[in-house]
Amino acid sequence: MRIDIISAVPQLLESPLKHSIVGNARENGLVEIHIHDLRDYSEDKHKKVDDYPYGGGAGMVLTPQPIFSCIEKLQSQREYDEIIFTAPNGDPFEQESANKLSISQNLMFLCGHYKGVDQRVIDSLITETYSIGDVVLSGGELPAAVMVDSIVRLLPGALGDAESALTDSFQNDLLEGPVYTRPAKYRDMEVPKVLRSGDHQKVKQWRLEQSLERTKNVRPDMYKKFRNEQQ
């Protein structure tokens, strides 16, 4: 897989995508991640990439020229499965979204910044707009990093245990239950006996019960969806 990320502040993306699972996946050749500085494509003599919005109002808007120049150059080199814009007004990015995008060959992310992006960019170039929640951030770099992390960890070989991703929260419309590790007793707190029983069927049943209980208490909307699907 190849992922291209376009940003007016590329420094925000460098560190999060160099370490842990994503960093290992890059080192092992499972994914190529290329970060593009929007200012490199600006035709303005001062390398500006933003301007005031028509009609007045607060904030600045990313201008179309450098974005069109960057995206069209990349498109001339390869086809992209999706060109994704990160913005608060996008569709919610959920586990199902990550699952779908993880089977792509080439993905591109455009990070919004300042007040937003000229609408002509969205109308002409963007195929998907995603939000990571009902909150406004300084730019789309952190959401893009979150999305890339969630996608890359699903690539075959990215995780040491391939089954791990399949048991994550949201994969089956349930939240993952509590997990424990050694020692069996710490500060008078013990690991549940069922997890130490060696009975895999009982462990599986206990985990499902805990998952259902946590989902019911924390995310009743997900619990209702899960129950409806079981009927």
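The values are calculated or read from the model by the stated rules, or taken from the named source; none is laboratory data. Bear in mind that the values here come from a model prediction, so they are computed numbers and not experimental data. Counting neighbours? That spans all protein chains shown, and the Cβs are built from the backbone with ideal geometry, glycine included.
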ask   = Are any residues in the range 90-138 at positive phi and either touching a Ser or Thr at 6+ places or on another chain (Cβ under 9 Å) or among the aromatic types (Phe, Trp, Tyr) (or both), and if so, which ones?
value = Tyr114
message = For the range 35-83, which positions are more than 26 Å from Leu137 (Cα to Cα) and among the aliphatic types (A, V, I, L, M)?
response = Leu74
key: Complete set of residues in the range 97-155 that are closer than 26 Å to Gly56 by Cβ and among the basic types (Lys, Arg)   = Lys115, Arg120
message = Condition first: at pLDDT 95 or above and small (Gly, Ala, Ser). Now tell me which residues in the range 48-102 satisfy that.
response = Ser69, Ser76, Ser97, Ala98, Ser102
task = Considering only the range 56-71, state which residues are in contact with a helix residue (DSSP H, G or I) (Cβ under 8 Å, 6 or more places away or on another chain) and either assigned to a loop (DSSP other than H, G, I, E, B) or in contact (Cβ under 8 Å) with a residue 60 or more places away in the chain (or both).
result = Ile67, Cys70, Ile71
query = Within the range 106-118, is there a residue that is loosely packed, with under 14 Cβ neighbours inside 10 Å and in the same structural domain as Ala145 (by TED's automatic domain parsing)?
reply = no
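One line per residue, one yes/no per condition, for (1) at pLDDT 95 or above; (2) among the polar types (S, T, N, Q):
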residue: Asp4; (1), (2): yes, no
residue: Ser7; (1), (2): yes, yes
residue: Glu14; (1), (2): no, no
residue: Arg26; (1), (2): yes, no
query = Out of all the residues in the range 1-55, which are among the aliphatic types (A, V, I, L, M) and in a strand (DSSP E or B)?
reply = Ile3, Ile5, Ile6, Ile33, Ile35
Top-ranked residue in the range 179-229 [being surrounded by fewer than 13 Cβ atoms within 10 Å (Cβ to Cβ) and polar (S, T, N, Q); ranked as modelled with the lowest pLDDT] = Asn228
